[in-house]
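> Quick one: the structure is below, questions incoming.
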């Protein structure tokens with residue numbers, strides 16, 4: 001009887017049965033799994049600038065970063081439970097992002113001259129690497145949330161308590177050096 005009990009306990013632990021599991025054996029929950037509210041402060045815009053001795057020296061292309069607060073980004077994202085606890089990869093189950101992105105650039109002065117709203121967009125894929133057990137909290141976090149047409153939010157920071165805090169980059173297209181906003185973010189888990 002002890003073997004059957006241990007077998008059911010293992011199935012309960014891994015959520016692999018419809019058998020009613022004993023309340024004294026709670027299902028493991030990874031510390032970062034859940035839905036987060038994302039807020040940002042975007043303060044820099046990186047642009048690719050073309051060939052020219054006054055802009056890039058001898059390089060054919062280069063990028064220039066300027067202080068810029070025209071971009072805005074917010075939304076929600078949901079992290080699922082980790083499939084392999086030795087890796088700590090939290091799958092992005094869903095993300096809905098809204099924002100304001102530069103859509104017109106003065107290529108002489110290397111500045112954004114106009115930004116427009118980005119319609120609410122579903123970012124259906126991505127992976128966030130982070131702590132998998134409570135003893136690893138606070139812990140480092142890094143990863144990407146990917147949307148349609150190569151839209152990407154790349155983030156890195158720290159998970160502590162119910163929040164992820166750090167820096168991020170956001171771009172809408174994949175080109176050699178896409179126009180990219182960078183800044184800071186806070187993602188708080190919903191209760």
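> Report yes if residue 157 is in contact with a strand residue (DSSP E or B) (Cβ under 9 Å, 6 or more places away or on another chain), in the same structural domain as residue 117 (by TED's automatic domain parsing), surrounded by 19 or more Cβ atoms within 10 Å (Cβ to Cβ) and closer than 17 Å to residue 81 by Cα, otherwise no.
Answer is no for this residue.
So that you can scan it fast, the table gives a plain yes or no per residue for (1) at pLDDT 80 or above; (2) surrounded by 14 or more Cβ atoms within 10 Å (Cβ to Cβ); (3) outside any loop (DSSP other than H, G, I, E, B); (4) not assigned by TED's automatic domain parsing to the domain that holds residue 137:
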site	(1), (2), (3), (4)
23	no, no, no, yes
44	yes, yes, yes, no
51	no, no, no, no
58	no, no, no, no
74	yes, yes, yes, no
77	yes, yes, yes, no
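> While we're here: Within the stretch 132-146, is even one residue closer than 18 Å to residue 98 by Cβ and assigned by TED's automatic domain parsing to the domain that holds residue 105?
Within the stretch 132-146, one or more residues are closer than 18 Å to residue 98 by Cβ and assigned by TED's automatic domain parsing to the domain that holds residue 105.
> Limited to the stretch 115-142, what total is found for residues that are surrounded by fewer than 19 Cβ atoms within 10 Å (Cβ to Cβ), in contact (Cβ under 8 Å) with a residue 40 or more places away in the chain and either within 10 Å of the chain's Cα centre (by Cα) or not in a strand (DSSP E or B) (or both)?
Total satisfying the criteria: 5.
The values are calculated or read from the model by the stated rules, or taken from the named source; none is laboratory data. Because the structure is a prediction, the values reported are computed rather than measured. Please note: Cβ atoms are built from the backbone with ideal geometry, for glycine as well, and neighbour counts cover all protein chains shown.
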